[in-house]
Amino acid sequence: MSNFTFSDRVVVAKLVVKPFNLGIIQVYVPTSDSEDVEVEKFYEEIEKAKGYLKSQDIIIGMGDFTAKVRDERIEDVVGPSSIGTVNERGSRLIEWCQINDFTTTNTWYQNHPRRHWTWKSPGDRSRNKIDYILIQKRFRNAVKTSKSLSGADCDSDHIPLMCKFEIKLKKLRKAKANPKFQMDLLKSDEKLRDKIAIAVHNKHEILNNISEVKDLWSETKNFSKKG
């Protein structure tokens with residue numbers, strides 16, 4: 001695994017697996033009272049983080065986007081299971097997902113209302129969904145569920161968000177090294193040396209009796225591999 005920090009708001013972790021590498025972009029968007037220029041700088045950092053990964057990688061973006069999206073389906077970006085009304089940060093998130101072909105996983109599943117909230121205000125006076133787990137649309141079918149864990153005790157105003165997805169990975173295997181010829185044995189083992197000499201002589205006799213070029217090449221290649 002490798003990781004790279006683009007800023008104090010964007011961090012990338014990359015896992016090398018097969019058939020697709022897995023890239024995780026952890027984010028923390030500027031607060032709702034931040035200037036627009038700060039928000040745009042944040043999205044530029046996400047673009048740089050995405051560029052650090054390859055297009056064929058599975059890319060997951062997750063964290064606090066301070067974004068509220070409407071409770072209705074928007075193309076393949078927002079599902080029908082969101083809450084509240086869209087805000088400015090929500091519109092910006094939707095726009096980014098549309099441009100980059102991502103979807104918000106935790107807006108697609110019919111869960112209990114407490115499984116939708118991801119943030120609560122001090123004193124628990126209000127609750128909202130402002131944290132998201134994003135994934136490329138082409139891997140959306142690999143996602144089995146995505147929801148908040150309302151019962152978790154983590155001493156934070158944010159509620160942990162989880163996503164379960166299934167994809168069959170292949171085990172990485174190291175390439176086998178070509179066997180080394182033990183030439184020293186030929187010097188020290190006379191019987192082995194004579195045995196190899198006889199085998200080579202016999203094979204040459206066989207090759208000399210082959211007239212077809214195709215058959216000659218096939219026999220020569222097989223002999224080289226065995227040798």
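The values are calculated or read from the model by the stated rules, or taken from the named source; none is laboratory data. Note that the coordinates shown come from a computational prediction; the quantities given were computed from them, not determined experimentally. All Cβ positions, even for glycine, are placed from backbone atoms using ideal geometry, and neighbour counts span all protein chains on display.
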inquiry  = Just to verify a result, which residue in region 105-119, among those that are in contact with a Ser or Thr (Cβ under 6 Å, 6 or more places away or on another chain) and part of a helix (DSSP H, G or I), is surrounded by the fewest Cβ atoms within 10 Å (Cβ to Cβ)?
reply    = R114
Matching option when the condition is under 24 Å from N3 (Cβ atoms), out of contact with any Ser or Thr (no Cβ under 7 Å at 6 or more places or on another chain) and not small (G, A, S), among E44, E75, E88, E40 = E44
ask   = Among I59, I83, which is in the same structural domain as V143 (by TED's automatic domain parsing), more than 26 Å from the chain's Cα centre (by Cα) and either closer than 22 Å to S148 by Cβ or buried (at least 19 other Cβ atoms within 10 Å of the Cβ) (or both)?
value = I83
ask   = Of all residues in region 120-147, which are under 18 Å from P80 (Cβ atoms) and surrounded by fewer than 17 Cβ atoms within 10 Å (Cβ to Cβ)?
value = K137, R140, N141, K144, T145
remark   = Checked against (1) surrounded by 15 or more Cβ atoms within 10 Å (Cβ to Cβ); (2) modelled with pLDDT of 85 or more; (3) over 21 Å from V29 (Cβ atoms), S150 satisfies every condition except (2)
query = Does A49 qualify as being surrounded by 18 or more Cβ atoms within 10 Å (Cβ to Cβ) and either farther than 21 Å from I159 by Cα or basic (K, R) (or both)?
reply = yes
Any hit, region 90-104, residues being in contact (Cβ under 8 Å) with a residue 40 or more places away in the chain, in a helix (DSSP H, G or I) and not polar (S, T, N, Q) = yes
